[in-house]
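Since the structure comes first, as structure tokens, the remarks are kept for the end.
The values are calculated or read from the model by the stated rules, or taken from the named source; none is laboratory data. Since we're looking at a predicted model, the values are computed, not measured. Glycine also receives a Cβ, built like all others from the backbone with ideal geometry; neighbour counts cover every protein chain displayed.
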Amino acid sequence: MKIIAIGRNYQEHAKELNNPIPTEPVVFLKPDTALLKEGKAFYHPDFSNDIHYEVELIIKIGKEGKHITTKFARNYIEAIGLGIDFTARDLQQKCKEKGLPWEIAKAFDHSAPIGEFIPLNEIPDLKAIQFSLKQNQIVVQNGNSADMIFAFEEIISYVSQRFTLKKGDLIFTGTPAGVGKINIGDLLEGYISDRKMLSVPVK
Ligand code: ZN
């Protein structure tokens with residue numbers, strides 16, 4: 001399986017990092033070794049002093065497809081979940097300054113914790129999914145799929161023109177504003193509405 005991620009998909013988050021609002025999706029990949037399954041601890045690596053949480057809605061792909069149109073994109077969604085796109089912001093900043101790719105800042109081991117998934121048929125409206133992240137019981141990020149610059153269907157269409165999507169692939173769909181640094185000892189907990197989907201202790 002592969003993990004595809006979309007950057008700068010919420011206006012307020014693009015602004016907080018002084019990035020321009022994109023006119024087409026910003027796409028990057030993480031390898032399968034980036035996955036961290038629900039309930040497992042994240043061990044803070046020593047190559048970064050500024051790893052940020054980015055809570056994101058995740059599309060789980062239900063069947064293989066390419067050149068998918070927005071009209072049919074929904075048929076390829078098996079479930080929606082919640083995850084964190086851990087980002088070594090200090091390394092990313094250096095890469096950006098040099099115009100280099102971001103992978104060392106985004107694709108390291110366990111940089112993609114995932115929680116539970118909700119089957120598509122249990123989601124009443126893809127354009128109104130409220131989600132949030134707590135860091136040590138305090139809400140630090142609040143998002144709603146209504147505020148995505150590129151909706152789920154547009155992302156699936158855009159990505160599948162380039163990469164064949166396969167069953168089990170995951171697409172991280174971007175983070176809302178409020179990203180921040182994690183510290184050893186933190187507990188990160190993600191919610192879709194009031195339902196707890198994800199919990200990641202940082203060790
Ligand atoms: Zn992200």
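May I ask you to verify whether ILE123 is β-branched (Val, Ile, Thr), within 16 Å of the ligand (Cβ to nearest atom) and modelled with pLDDT of 95 or more? For ILE123, the condition - β-branched (Val, Ile, Thr), within 16 Å of the ligand (Cβ to nearest atom) and modelled with pLDDT of 95 or more - is not met. Of everything in the stretch 15-30 that is of a type outside the set (Ser, Thr, Tyr) and part of a loop (DSSP other than H, G, I, E, B), the residue that is surrounded by the fewest Cβ atoms within 10 Å (Cβ to Cβ) is ASN18. Restricting GLU56, GLU12, GLU38 to those that are in contact (Cβ under 8 Å) with a residue 12 or more places away in the chain, within 30 Å of ALA146 (Cβ to Cβ) and in a helix (DSSP H, G or I) reduces the list to GLU12.
Residue-by-condition table, conditions (1) out of contact with any helix residue (DSSP H, G or I) (no Cβ under 6 Å at 6 or more places or on another chain); (2) under 18 Å from LYS127 (Cβ atoms):
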| site | (1), (2) |
| --- | --- |
| GLU12 | yes, yes |
| ILE21 | no, no |
| ASP32 | yes, no |
| TYR43 | yes, no |
| PHE47 | yes, no |
| ASN75 | yes, yes |
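Scanning the stretch 113-141 for residues that are exposed (fewer than 14 other Cβ atoms within 10 Å of the Cβ) and either of a type in the set (Asp, Glu) or in contact with a Cys (Cβ under 7 Å, 6 or more places away or on another chain) (or both) yields GLU122, ASP125. Of all residues in the stretch 72-90, those being touching a residue at least 40 places away in the same chain (Cβ under 8 Å), surrounded by fewer than 21 Cβ atoms within 10 Å (Cβ to Cβ) and farther than 21 Å from ILE192 by Cα number 2. Just so you know, in the stretch 157-183 the residues that are hydroxyl-bearing (Ser, Thr, Tyr) and not in a loop (DSSP other than H, G, I, E, B) include one that is nearest to the ligand (Cβ to nearest atom), and it is TYR158.
Evaluated against (1) outside any loop (DSSP other than H, G, I, E, B); (2) in contact (Cβ under 8 Å) with a residue 12 or more places away in the chain; (3) surrounded by 14 or more Cβ atoms within 10 Å (Cβ to Cβ), HIS110 falls short on exactly one condition, (1). Scanning the stretch 57-97 for residues that are more than 16 Å from the ligand (Cβ to nearest atom), in contact with a Lys or Arg (Cβ under 7 Å, 6 or more places away or on another chain) and of a type in the set (Val, Ile, Thr) returns a single hit, ILE61.
Scanning the stretch 181-203 for residues that are under 22 Å from GLN92 (Cβ atoms) and surrounded by fewer than 15 Cβ atoms within 10 Å (Cβ to Cβ), we see that the one that is farthest from the chain's Cα centre (by Cα) is ILE184.
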